[in-house]
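*Asks:* After the structure tokens below, expect a handful of questions from me.
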């Protein structure tokens, strides 16, 4: 069981590294999702997962030796929820960047030092009018 799980973790890490290094914002978000899944599997594997272990419900005090540690799955469950929220935030940022600049290539975006008006986007910037609040 450890070899297939280790291979799956390695493939996820490799796919995440490849996706993060591509010049595309959406692929970067996919890469971060793959990376978080790889880390979650790594935590489960490091926590001592085995098909021989039972769920950690103690009905017989002498059967405690064959139970799995409940902390790694709980931490992974929390990490899954957090990575889902971070992925949704990243996708929202990608949408806003594409809407404002007309590209999702990070190399074509203006640098932070381009505060002057020398940058001309490929698509016109679309901004919603603000209401004056008094």
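*Asks:* Taking the options 85, 113, name whichever one is modelled with pLDDT of 90 or more and farther than 20 Å from residue 21 by Cβ.
*Replies:* After ruling out the rest, the residue left standing is 85.
*Asks:* Is there a residue in region 51-58 that is modelled with pLDDT of 70 or more and either exposed (fewer than 11 other Cβ atoms within 10 Å of the Cβ) or part of a helix (DSSP H, G or I) (or both)?
*Replies:* no
The values are calculated or read from the model by the stated rules, or taken from the named source; none is laboratory data. It should be emphasised that the depicted structure is a prediction, and the values quoted were computed from it without experimental measurement. Using ideal geometry, Cβ is built from the backbone for each residue, glycine included, and neighbour counts are taken over all protein chains shown.
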